[in-house]
1. Any residue at all in the range A:161-181 that's closer than 30 Å to residue A:41 by Cβ and either more than 14 Å from chain B (Cβ to nearest Cβ) or modelled with pLDDT under 95 (or both)?
2. Please go through the range A:50-62 and pick out each residue that is outside any helix (DSSP H, G or I) and either under 25 Å from the mean Cα position of the chain (by Cα) or not aliphatic (A, V, I, L, M) (or both).
3. Which count do you get for residues in the range B:113-157 that are outside any loop (DSSP other than H, G, I, E, B) and more than 14 Å from chain A (Cβ to nearest Cβ)?
4. Those residues that are part of a helix (DSSP H, G or I) and either touching a residue at least 40 places away in the same chain (Cβ under 8 Å) or among the basic types (Lys, Arg) (or both), I need them from the range A:158-190; list them, please.
5. Can you say whether residue A:227 is within 14 Å of another protein chain (Cβ to nearest Cβ), surrounded by fewer than 18 Cβ atoms within 10 Å (Cβ to Cβ), of a type in the set (D, E, K, R) and on the phi < 0 side of the Ramachandran plot, as far as the supplied structure shows?
6. Just to verify a result, which residue in the range A:323-382, among those that are within 14 Å of chain B (Cβ to nearest Cβ), in contact with a Leu (Cβ under 8 Å, 6 or more places away or on another chain) and assigned to a loop (DSSP other than H, G, I, E, B), is surrounded by the fewest Cβ atoms within 10 Å (Cβ to Cβ)?
7. I'd like to verify a number: residues in the range B:230-276 that are facing chain A (nearest Cβ under 9 Å), hydroxyl-bearing (Ser, Thr, Tyr) and either under 18 Å from residue B:124 (Cα atoms) or outside any loop (DSSP other than H, G, I, E, B) (or both), how many?
8. For the list (1) surrounded by 24 or more Cβ atoms within 10 Å (Cβ to Cβ); (2) out of contact with any strand residue (DSSP E or B) (no Cβ under 7 Å at 6 or more places or on another chain); (3) touching a residue at least 60 places away in the same chain (Cβ under 8 Å), I need the number of the one condition that residue B:265 fails.
Protein chains: 2
Amino acid sequence: MDNSPSLALSKTVFLAVYHLQGTQEQASAMAEDICIEQTVEFPPDLVHRADIREQIFGRVESLEQIGEDLFKAVIAFPCEVAGNELTQLLNVLFGNISLKPGIRLVQFSLPNSLLDAYRGPRFGRDGLRARLNVTKRPLLCTALKPMGLSPLELADLATQFSLGGMDLIKDDHGLADQSFCRFEERVKRCAEAVNNANEQTGKPCLYFPNITAPFDQILDRARLARDAGAGGYVLSPGLAGIDTMRRIADDDQLAMPILSHPALFGALTVSKSEGIAYGALYGQINRLAGADACIFPSHGGRFSIDQNECRDLVDATATHMGDLKSIFPVPAGGMGLDSVKDMLSFYGNDIILLIGGDLHRHGPSLKENCRKFLNLVGADDE
Amino acid sequence: MDNSPSLALSKTVFLAVYHLQGTQEQASAMAEDICIEQTVEFPPDLVHRADIREQIFGRVESLEQIGEDLFKAVIAFPCEVAGNELTQLLNVLFGNISLKPGIRLVQFSLPNSLLDAYRGPRFGRDGLRARLNVTKRPLLCTALKPMGLSPLELADLATQFSLGGMDLIKDDHGLADQSFCRFEERVKRCAEAVNNANEQTGKPCLYFPNITAPFDQILDRARLARDAGAGGYVLSPGLAGIDTMRRIADDDQLAMPILSHPALFGALTVSKSEGIAYGALYGQINRLAGADACIFPSHGGRFSIDQNECRDLVDATATHMGDLKSIFPVPAGGMGLDSVKDMLSFYGNDIILLIGGDLHRHGPSLKENCRKFLNLVGADDE
């Protein structure tokens, strides 16, 4: 092999930040191991080619103690190893080492040469605000549920929510294409209901059907949703594939905002010492994959995430990533009207507030309950 | 809503088994919560319709203490809630509750009415053995690496491995379509090399290129691999999407064996108290999604899994799931010739032994090293 032509890669790198559990010595070995495991995956002593060692291996940029038996490692990987594919970028960031204990991916940083391969969010925060004519206040969202209602009944809920002034109405992520509530009928009826209500109110409200579906059907569902007059898509990348979301987002014919749902993603984040940190997954990976807003399990709801993790997540929805737009964080998971005040004080105005079941709890008129929700956030400055 | 037509579902259910961490009281509340969270995701006290309560809600079938603060819950879900879509089945099994602490999906059981929606593995253990004319001994597999080699160099390795008697030669899962080693050239050259060697040896050896790729490219890569004369596919469902693998497996035109790689899957299993158990993910979900063999991080290698988890995983590759074929477990992760004896005594003969880098360690001739590997498992009875 020594006579073969040498590699001549660009030597530009991207950086990945990991938290490593162990002693200094262990963490140092873990960091070196990541450099090998995520690239050549080959005993380094058996790699005799200098060009492969220099141009393919990852490299430890820094290792810093940040707690008891806790270290932060920054690893540089050659851009060409990830190429221009999101699947392979995810593989380099966390493919094999997801199988090892004590390693958590907490952040990554891509140079423009790599970011150029990603369109990212088509709308982002500004684009979604522009579509809704809401410049300052948080956007308000609710969900069509419970599962078991017919398309007509869901459309009736959609009418009341849009007349009540909601900005966004999403399908519950569990509404797929069940025999008791088919996708096509549901989406047509709900889109029509929302668009009729919009004519009455003169205010845009966007309906986001859930298009999460098998590989062969997801593009068709997106097209059907667009043609029916929907205003965006709900998609669970954990179920349908992260690159599947990117594919929908990149499609100029399907161009509507995407609300990313965290179903199954929880398993990636729930361990504190392994998996992927909330910010890296919900903020950064969602943005690479074209989500315009990301639902996540807020602290204070029925899920397990603490305030610091929420802050990191929100930061990552807006942190600098080349030209990629900032996206809306959508704290959720059992939020109610009673928690709006706390949510606003914690998150500020650049969020989408999502209240589902609790909107049904505050009196018999859903329209009235929506107005209560609106009153809690105050009128928009416009 | 009380006047609307009632649901009239079949009342057939599928069962999911969870491990729950907590006291009896906590576990009982968690089990009840799963019934709601995974179906209506709506405050149950606000669901007034009896048909929805009876026909959509999950139902706790049993709750049993199995350890200190550890309970096993069996939950029944209506089949129609999952419908005939793998994406939605995964959502019901573990979508939202993946976000909650102390819940681990350990197993599931689907009635034939649901299983009928899944073709499952096209080849399975028997089909793969038949293709290779190996009836009893373990199948032997190695990998083309390290990354950084050119297509010609990889093809040269492939020649030596196939002349040496390997049954399967897989691309390293990190070989995608990088600028320094394009997919098309690599696959054509390696397939040709293996097929030429097969003509010399008269023994079939199958080359499995890695087709893991973005949504738009994966079908094209599979077709290119098939047309180039490859013998199967390597695919990482964690990167490309679980249903993406099912789509490839179900395609009658692409019909070749699939080797599932665990990249990124580790994050789903690495926590002992959350996520998805090895058996449910590697065995059961892989089979639903059509893998014929599943690489997993064996105990004794460089990953984190214990012997009991390995046994559960192997059991799940063959456990009864209607007509779904049994698939090969492929214990991996730093295995070497020195560990073959222990592997055989632990796993028996119905496995694929995968040795990568270590084959390069036992002398200068790869062909000879392959023969050493073969000698360790003994000749086939045929």
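1. First, pick out the residues of the range A:161-181 that are closer than 30 Å to residue A:41 by Cβ: none.
No, the conditions are met nowhere in the range A:161-181.
2. Step one: of the range A:50-62, the residues outside any helix (DSSP H, G or I) are A:56-62.
Hits for the range A:50-62 are A:57, A:58, A:59, A:61, A:62.
3. Going through the range B:113-157, the residues outside any loop (DSSP other than H, G, I, E, B) turn out to be B:113-115, B:124-132, B:139-144, B:147, B:149, B:151-157.
Restricting the remaining residues to those that are more than 14 Å from chain A (Cβ to nearest Cβ) gives B:115, B:124-132, B:139-141.
The number of residues fulfilling the criteria is 13.
4. Initial filter on the range A:158-190 (part of a helix (DSSP H, G or I)): A:158-163, A:183-190.
Across the range A:158-190, the qualifying residues are A:158, A:160, A:161, A:162, A:163, A:183, A:184, A:186, A:187, A:188, A:189, A:190.
5. Working: within 14 Å of another protein chain (Cβ to nearest Cβ): no; surrounded by fewer than 18 Cβ atoms within 10 Å (Cβ to Cβ): yes; of a type in the set (D, E, K, R): yes; on the phi < 0 side of the Ramachandran plot: yes.
Taking the combined requirement at face value, the residue does not satisfy it.
6. Applying the filter and picking the extreme gives A:362.
7. Total satisfying the criteria: 3.
8. (3)
The values are calculated or read from the model by the stated rules, or taken from the named source; none is laboratory data. Since we're looking at a predicted model, the values are computed, not measured. Virtual Cβ from ideal backbone geometry, glycine too; neighbours counted across all protein chains shown.
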